[in-house]
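Accompanying notes for the structure given below.
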Amino acid sequence: MALQSKHLLGLDGTTREDIVTILETAKSFREVLDRPIKRLPTLQGKTVVNLFYEPSTRTRISFELAEKRLSADIVSFSASNSSVKKGETLIDTVKNIEAMKIDMVVVRHGSPGAPHLLSRALQSHIINAGDGGHEHPTQALLDMFTIHQKLGSLEGKTVGLVGDISHSRVALSNIYGLRKMGARIILCGPSTLIPREIEKLGVEIYFNIDEIIPQVDVLNILRLQLERQREALFPSLREYHNYFGITRERLENASKPILIMHPGPMNRGIEISSDVADSEHSVILEQVTNGVAVRMAVLYLVAGGRSETN
């Protein structure tokens, strides 16, 4: 079964059926990553452009590895070393690149909606690698894949998203994706970091981390995105850690073992303590490994592949 869309722009517009297809396909590719030879000829002859207008380490390397594992030809674009510095627009830049006969564009951009704009202007397949504070669909998909891998399902599970919800594209994509898969979602953080009326998306809101720990199966801990905050939204980093930091002492109030997740990069000692990040319940590094498999699945399916892989 192929995807219903030729792009992956966000999980808001992605059907439950397509999410299931991606997660099921990722299982096959995850097995490939454990083989001695990790390369498949699946996208041989296809050219993928990685168009990154914002700094990135994990997402960019993860996509590049996924593309290499599928034998695609890769062109990596960095805005800091391009004609963007001369005033060229996003559309003109990408149309010129597309004229060189490419097949897919993986784009990260600081402006919400940039991948949607490209999808209307180009013939190529577009994959959103993060657009401003809007969405980060492949991160949410790898989060969901990891939860399913560890807990057996997403249906009926309670997931706590903790921290800077207002500035997190990861949070929004997780909300859209997890809700479609039947999970209960709790948001927790300072009131200044919780968007107004976000409960309309079907989530529950708490302002006390100790109240949610006994309820959740998963804690997905989000980084404080200080670079996106234009004003002081809490008194100090020390106070944030005291009230919302995930520590081993806090987790002693859990009614069962909690899966600990973080999309990275982590601020140890602020949103999460080192002994929690490195604990037996942490799957943070497994998220990174699973991210390659999930992005392989997305690239394969967006390019027109079927959900059955060889």
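Could we say that I260 is within 24 Å of S56 (Cβ to Cβ), surrounded by fewer than 24 Cβ atoms within 10 Å (Cβ to Cβ) and either among the aromatic types (F, W, Y) or under 24 Å from the mean Cα position of the chain (by Cα) (or both) here?
For I260, the condition - within 24 Å of S56 (Cβ to Cβ), surrounded by fewer than 24 Cβ atoms within 10 Å (Cβ to Cβ) and either among the aromatic types (F, W, Y) or under 24 Å from the mean Cα position of the chain (by Cα) (or both) - is met.
What residue, among those in region 173-190 that are in contact (Cβ under 8 Å) with a residue 40 or more places away in the chain and part of a helix (DSSP H, G or I), is surrounded by the most Cβ atoms within 10 Å (Cβ to Cβ)?
For region 173-190, the residue satisfying everything is N174.
What is the number of the single condition among (1) outside any strand (DSSP E or B); (2) within 30 Å of D34 (Cβ to Cβ) that D92 does not meet?
Result: D92 passes all but (2).
Kindly indicate the residue of region 133-168 that is among the charged types (D, E, K, R) and surrounded by fewer than 23 Cβ atoms within 10 Å (Cβ to Cβ) and also nearest to F244 (Cα to Cα) among those meeting that condition.
For region 133-168, the residue satisfying everything is K157.
Just one of the numbered conditions (1) out of contact with any helix residue (DSSP H, G or I) (no Cβ under 6 Å at 6 or more places or on another chain); (2) under 30 Å from V216 (Cα atoms); (3) assigned to a helix (DSSP H, G or I) is not true of T146; which one?
Only one criterion is unmet by T146, namely (1).
Quick one: in region 52-69, of everything that is in a helix (DSSP H, G or I) and within 13 Å of the chain's Cα centre (by Cα), which residue is surrounded by the most Cβ atoms within 10 Å (Cβ to Cβ)?
Ranking the candidates gives F63 first.
If the Cβ limit is 9 Å and pairs must be 6+ apart or interchain, which residue in region 254-277 that is assigned by TED's automatic domain parsing to the domain that holds H167 pairs with which residue that is part of a helix (DSSP H, G or I) and aromatic (F, W, Y)?
The qualifying pairs are I270/Y240; E271/Y240; E271/F244.
Of all residues in region 76-87 being out of contact with any Leu (no Cβ under 7 Å at 6 or more places or on another chain) and surrounded by 13 or more Cβ atoms within 10 Å (Cβ to Cβ), which is modelled with the lowest pLDDT?
Residue satisfying both the conditions and the ranking: S82.
Going through region 157-171 one residue at a time, which ones are under 25 Å from S236 (Cα atoms) and either part of a helix (DSSP H, G or I) or not small (G, A, S) (or both)?
Across region 157-171, the qualifying residues are L161, V162, D164, I165, H167, R169, V170, A171.
Count, please, the residues in region 34-51 that happen to be surrounded by 14 or more Cβ atoms within 10 Å (Cβ to Cβ) and either in contact with a Ser or Thr (Cβ under 7 Å, 6 or more places away or on another chain) or not assigned by TED's automatic domain parsing to the domain that holds V105 (or both).
Result for region 34-51: 4.
Out of the residues in region 109-126 that are under 16 Å from the mean Cα position of the chain (by Cα) and buried (at least 22 other Cβ atoms within 10 Å of the Cβ), which is nearest to F52 (Cα to Cα)?
Only one residue fits best here, namely H109.
Can you confirm whether region 98-114 contains a residue that is basic (K, R) and part of a helix (DSSP H, G or I)?
Looking for residues that are basic (K, R) and part of a helix (DSSP H, G or I), one finds none in region 98-114, hence no.
For region 191-310, which fully contained strands (runs of 3 or more DSSP E) count at least 3 residues that are of a type outside the set (F, W, Y) and modelled with pLDDT under 95?
none
Could you count how many residues in region 33-72 are closer than 19 Å to V302 by Cα and among the hydroxyl-bearing types (S, T, Y)?
5
The values are calculated or read from the model by the stated rules, or taken from the named source; none is laboratory data. Just so it is clear, the structure is predicted and the values come from calculations on it, not from any experiment. Counting neighbours? That spans all protein chains shown, and the Cβs are built from the backbone with ideal geometry, glycine included.
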